[in-house]
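Have a look at the structure below, then the notes.
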Amino acid sequence: MSTGEQSGRGTDAMAFAGRPGGRKGRARSAPKGRQLDPAALDQVRALLGGRPRRRDLLIEYLHLVQDRFGALSPAHLAALAHEMRLAMAEVYEVATFYAHFDVLGAGDAPPPDLTIRVCDSLSCALAGAETLIWSLKGHYNGDVRILRAPCMGRCASAPVAEVGHRHVDRADQPKVIGVVEGGDFTPVLPPHVDFEAYRADGGYVLLEGCLGDPASLGRVEAALARSGLRGLGGAGFPTPRKWAFVKAGPKPRFLCLNADEGEPGTFKDRFAFETDPHRVIEGMLLAAWEVEAEACYIYLRDEYPAAREILLAELPKVEAAGLAPPGGIHLRRGAGAYICGEESAMLESIEGKRGLPRHRPPYAAQVGLFGRPTLIHNVETVFWIRDIVEKGAAWFDAHGRQGRKGVRAFSVSGRVKSPGVKIAPAGITMAELLEEYCGGMAEGHAFKGYLPGGASGGILPAAMADIPLDFGTLEPYGCFIGSGAVVVLSDRDDMRQVALNLLRFFEDESCGQCTPCRAGTEKAVRLMQARVWDEGLLMELGQAMRDASICGLGQAAPNPIDCVLKHFREDVGLE
């Protein structure tokens, strides 16, 4: 028996193996797969310079390439994959997952040199974002790219546009055109407390004392325990218990600061970074010292370029002063994915991957970043740590109302006279917040309803404005406080359109990993466009999403639907 007969192929089979598509014909002139462009490889190497070629830095390097060349071409992606020793598929799947990366196909023309993004989330939609979008498209007629964008965290100054990396607050066509013609598309840095001013006002004295005296550990733990401080990103988990869980795990440990507040209506984290960044940094370093974390990672959403510039300038000063070890604080830049506000998706993104939520257990306190025990905190949580320890738990507790404890930073937007971040007592009611902190309703508007916790926190009518705004108080009514994003609605607002805006946001931001969320949000949007809502089908769909979605996005997405069906039936054709 010949060799060919033994193998079952023979000479023709061997020729077949080397030809395109498995067909007989001319031999392949080049290896399979995308070939390296030497010029693109040189460009990528020059951009990366001496930076380490680690997988967890992939998203940072994709930003470098996009910022330099305006888009991600196939040649540059192939060069980056080669330089980082990654499969092209790994680089491509990450690049195409995030909304802020422009991934080109073979032969695709790059986007226009300038992109204008206009926020079309709820607060901006109420303020006329749709009119702005169409007026800009008509004016530029394709010369400038006009994109719809989800919440930019500037809801108090709606509607908002972003020209390059420069935000235009209370935007209209003349304002945006003026910025374009001015030619400066860099972020505007707001007045903020820098390192020197913060130190002069007693900043970092507490941290220095803790670093020099391990016995201070008990004092910090006791103050936080007495204050009742909880996670202020939405879950409300008691802070001291979270620390204890992380410390129970083996070293090395990490701390991650979640500054990816993409919930429509939320902007308190941006406010903290753009006004008093070192109070956040000191609180973060105190928490890291408490759990003996080896390094801190700040995950900042890409929609906050001014906050990023502030941190890039201020973080080196902290390390230079010996308050953090060299290279002990890592600033990571998001790339336009709401799902990365979910803590496990954030960890995946920091590791240079798609932001897909992890199945739990195990939890991050046990198996977190790079597989190590990880303390995850919200920006507002660490913001209060220094004040609580220095002023005492009694100071923090004294601010609560209706039997609640502490203070909260509420992001208030919508139909009010004075929107913005309001530092108010935990447990304050919507009626009190509206009158005492927001100056009442905007002129010509009557109070109709409100979102107590952003897009996923549900919607309540004005008649229920006497419920304390805090953890555990809103759940009996199908809502929750979340991150304290309050959007106020008036008699001029159609609740059908409000809920539809929120569900379109969830549809667009679903990561697609699980069918109940991916297909459920799309189906809900279609059903909600009917003149009269199919109540039974929407309720059934919502229950399936709650029961089977992997993470909070799919589980909470039906909340606006349920609330409208319960409190605003006339707006959706039901009696």
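The values are calculated or read from the model by the stated rules, or taken from the named source; none is laboratory data. None of these values were measured; they are calculated from a predicted model. Positions of Cβ are backbone-derived with ideal geometry, glycine not excepted, and every protein chain shown enters the neighbour counts. For accessibility, only protein heavy atoms count, side chains too; no ligands or nucleic acids. Shrake-Rupley method; radii C 1.70, N 1.55, O 1.52, S 1.80 Å.
Determine whether GLU130 is open to solvent by less than 60 Å² (accessible area, probe 1.4 Å) and under 26 Å from CYS511 (Cα atoms). Don't jump to the end; show me each part of the working.
On the way: open to solvent by less than 60 Å² (accessible area, probe 1.4 Å): no; under 26 Å from CYS511 (Cα atoms): yes.
Spelling it out, it is not the case that GLU130 is open to solvent by less than 60 Å² (accessible area, probe 1.4 Å) and under 26 Å from CYS511 (Cα atoms).
Among all positions in region 201-211, there is at least one residue which is surrounded by fewer than 15 Cβ atoms within 10 Å (Cβ to Cβ), on the phi > 0 side of the Ramachandran plot and not aliphatic (A, V, I, L, M).
Given HIS192, HIS165, HIS139, which one is of a type outside the set (A, V, I, L, M, F, W, C) and under 22 Å from GLN66 (Cβ atoms)?
Just a single option satisfies the conditions, and that option is HIS165.
For region 427-466: of the residues being aliphatic (A, V, I, L, M) and under 28 Å from the mean Cα position of the chain (by Cα), which is nearest to GLY406 (Cα to Cα)? The qualifying residue nearest to GLY406 (Cα to Cα) is ILE428.
Filtering region 255-303 to residues that are among the acidic types (Asp, Glu) and part of a loop (DSSP other than H, G, I, E, B) leaves ASP260, GLU261, GLU263, ASP276, GLU292, GLU294, ASP302, GLU303. If you take the residues in region 485-532 that are farther than 30 Å from GLU443 by Cβ and among the charged types (D, E, K, R), which one is modelled with the lowest pLDDT? For region 485-532, the residue satisfying everything is ARG531.
Residues considered: TRP395, TRP384. Of these, the only one that is over 27 Å from the mean Cα position of the chain (by Cα) and of a type outside the set (Val, Ile, Thr) is TRP395. Would you confirm whether any residue within region 368-386 is more than 24 Å from LEU286 (Cβ to Cβ) and either at pLDDT below 95 or surrounded by fewer than 21 Cβ atoms within 10 Å (Cβ to Cβ) (or both)? The answer is yes; a qualifying residue exists.
Listed by position, the helices (runs of 4 or more DSSP H) inside region 343-453 whose residues that are farther than 29 Å from SER227 by Cβ and touching a Gly at 6+ places or on another chain (Cβ under 9 Å) number at least 2 are 343-350.
Tell me, please, whether a residue that is closer than 27 Å to GLY403 by Cβ, over 29 Å from the mean Cα position of the chain (by Cα) and not charged (D, E, K, R) can be found in region 223-234. Yes; the residues of region 223-234 include at least one that is closer than 27 Å to GLY403 by Cβ, over 29 Å from the mean Cα position of the chain (by Cα) and not charged (D, E, K, R).
Please verify whether GLY328 is closer than 19 Å to GLU343 by Cβ, in contact (Cβ under 8 Å) with a residue 12 or more places away in the chain and not charged (D, E, K, R), treating the condition exactly as stated.
No: the conditions fail for GLY328.
Checking ILE339 against (1) outside any helix (DSSP H, G or I); (2) at negative phi: exactly one of these is not met. Which one? With respect to (1) outside any helix (DSSP H, G or I); (2) at negative phi, ILE339 is out only on (1).
If you go through region 40-68 one residue at a time, how many are farther than 21 Å from SER349 by Cβ and free of Cβ contacts under 8 Å to residues at least 12 places away in the same chain? Matching residues across region 40-68 total 4.
Applying the condition of being outside any helix (DSSP H, G or I) and in contact with a Lys or Arg (Cβ under 9 Å, 6 or more places away or on another chain) to region 304-322 and asking which residue is most open to solvent (accessible area, probe 1.4 Å) yields ALA321. For region 117-139, the criterion of being small (Gly, Ala, Ser) and farther than 30 Å from ALA499 by Cα is met by none of the residues.
One residue alone among LEU489, LEU553 is within 30 Å of GLY427 (Cα to Cα), hydrophobic (A, V, I, L, M, F, W, C) and touching a Lys or Arg at 6+ places or on another chain (Cβ under 7 Å), and that residue is LEU489.
Of the numbered criteria (1) open to solvent by less than 20 Å² (accessible area, probe 1.4 Å); (2) more than 19 Å from ARG354 (Cα to Cα); (3) touching an Asp or Glu at 6+ places or on another chain (Cβ under 7 Å), the one LEU122 fails is (3). State which residue pairs qualify: first residue under 30 Å from PHE396 (Cβ atoms) and open to solvent by 50 Å² or more (accessible area, probe 1.4 Å) and inside region 427-448, second residue in a loop (DSSP other than H, G, I, E, B) and of a type in the set (Val, Ile, Thr) in any location, beta carbons under 9 Å apart, and separation of 6 or more residues or different chains. Listed by first residue and then by second, the contacts come to GLU436/ILE428; TYR437/ILE428. Scanning region 239-257 for residues that are crowded, with 16+ Cβ neighbours inside 10 Å and under 14 Å from ALA293 (Cβ atoms) yields LYS242, TRP243, PHE245, VAL246, LYS247, GLY249, ARG253, PHE254, LEU255, CYS256, LEU257.
Only one of the numbered conditions (1) at pLDDT 95 or above; (2) over 19 Å from GLU274 (Cα atoms); (3) surrounded by 19 or more Cβ atoms within 10 Å (Cβ to Cβ) is not met by VAL220, and that is (1). Taking region 36-73 as the range and being open to solvent by less than 10 Å² (accessible area, probe 1.4 Å) and more than 17 Å from THR96 (Cβ to Cβ) as the test, the residues that pass are ALA40, VAL44, LEU48.
Which residues, taken from region 147-161, are buried (at least 24 other Cβ atoms within 10 Å of the Cβ) and over 17 Å from the mean Cα position of the chain (by Cα)? Correct list: ALA158, PRO159, VAL160, ALA161.
Among the residues of region 17-32, is there at least one that is part of a helix (DSSP H, G or I), modelled with pLDDT under 95, open to solvent by less than 40 Å² (accessible area, probe 1.4 Å) and not acidic (Asp, Glu)? For region 17-32, residues part of a helix (DSSP H, G or I), modelled with pLDDT under 95, open to solvent by less than 40 Å² (accessible area, probe 1.4 Å) and not acidic (Asp, Glu): present. Evaluate the following for PRO252: is it within 22 Å of GLY552 (Cα to Cα) and part of a loop (DSSP other than H, G, I, E, B)? Spelling it out, it is not the case that PRO252 is within 22 Å of GLY552 (Cα to Cα) and part of a loop (DSSP other than H, G, I, E, B).
Tell me which residues, restricted to region 289-303, are open to solvent by less than 20 Å² (accessible area, probe 1.4 Å) and of a type outside the set (Asp, Glu).
VAL291, ALA295, CYS296, TYR297, ILE298, TYR299, LEU300, ARG301
If you go through region 69-96 and keep only what is touching a strand residue (DSSP E or B) at 6+ places or on another chain (Cβ under 6 Å) and part of a helix (DSSP H, G or I), you end up with ALA95, THR96.
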